[in-house]
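The values are calculated or read from the model by the stated rules, or taken from the named source; none is laboratory data. Keep in mind that what you see is a predicted model, and the values were worked out from it rather than measured. Every residue, glycine among them, receives a Cβ derived from its backbone with ideal geometry; neighbour counts consider all protein chains shown.
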Amino acid sequence: MFTGDAFSASSNTSDPAQELKQMLPVLLNEAGIPGISLAYIDVDATPQILSLTQGVTNINGNLSVKPDTVFQAASLSKPVLAYLVLKMVEQNKLTLDTRLHTLYVDSRMTEKAYREQLTPRIILSHQSGLPNWGDDKLTFNHEPGITFEYSGEGYVYLQKVLEKISGMSYEALVDKEVFQPLNMINSRFTWNEDTSFDLATGHDQAD
């Protein structure tokens, strides 16, 4: 994410959107990123939303990144889950302090006393005490609610709770409550061979 504070104070323009356009090629080159798609949102005075793309979808090809190019978002999916939880709270299907074991029990969690302390509020703030990722048996690193510790396992558990109370798959629930209402027509969690995407190829420093 880029903000106005990240722009160079020595720029010749006072327009952050225009400055961002000028900076994109430099930023991509310095970071070693072949392609990027981003949105600039200015909420001061008259709201301004600007969509910008730069570069290619694959370092071995020449297809340009377009506004509908799909990028794999990884843990940026966590805000989607958080938003969905708040939608369930808004619909009185859940509260932020509901003891989740009353809705769904994950038998992988070994400490029953800790498991029964988990709530949406604790998990969303990454205070579940669960590791980021575990094995068949999931052991708590510490008591829930004590300290911050990033946990993918906590979010996966909360996802299963939402599936339980909605009677829907997570993909279907997100599509209904998030993607469709927000007109996110190119966003989804899974796809199959019949799904057509303009997909950006993932890479790392070794590529």
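A few comments on the model shown:
- Check on SER166, among the small types (Gly, Ala, Ser), closer than 30 Å to ILE59 by Cβ and out of contact with any Ser or Thr (no Cβ under 6 Å at 6 or more places or on another chain): no
- Once segment 146-175 is narrowed to residues that are part of a helix (DSSP H, G or I) and of a type in the set (Asp, Glu), the residue that is nearest to GLU116 (Cα to Cα) is GLU153.
- Of all residue pairs spaced 6 or more apart or on separate chains, those with beta-carbon atoms under 9 Å, a first member in segment 135-159 that is of a type in the set (Lys, Arg) and a second member that is surrounded by fewer than 19 Cβ atoms within 10 Å (Cβ to Cβ) and in a loop (DSSP other than H, G, I, E, B) are LYS137/ARG108; LYS137/THR110.
- In a residue-by-residue description of segment 133-150, the property of being surrounded by 15 or more Cβ atoms within 10 Å (Cβ to Cβ), of a type in the set (Ser, Thr, Tyr) and either within 16 Å of SER75 (Cα to Cα) or modelled with pLDDT of 95 or more (or both) applies to no position.
- In this structure, SER128 qualifies as closer than 19 Å to VAL85 by Cβ, of a type outside the set (A, V, I, L, M, F, W, C), touching a residue at least 24 places away in the same chain (Cβ under 8 Å) and out of contact with any His (no Cβ under 7 Å at 6 or more places or on another chain).
- Exactly one residue out of VAL178, VAL174 is out of contact with any strand residue (DSSP E or B) (no Cβ under 9 Å at 6 or more places or on another chain), buried (at least 18 other Cβ atoms within 10 Å of the Cβ) and under 27 Å from THR57 (Cβ atoms): that is VAL174.
- Breaking point among (1) exposed (fewer than 15 other Cβ atoms within 10 Å of the Cβ); (2) closer than 21 Å to PRO181 by Cα, for ALA74: (2)
- Conditions (1) assigned to a helix (DSSP H, G or I); (2) over 30 Å from PRO34 (Cβ atoms); (3) hydrophobic (A, V, I, L, M, F, W, C); number of the one not met by PHE140: (1)
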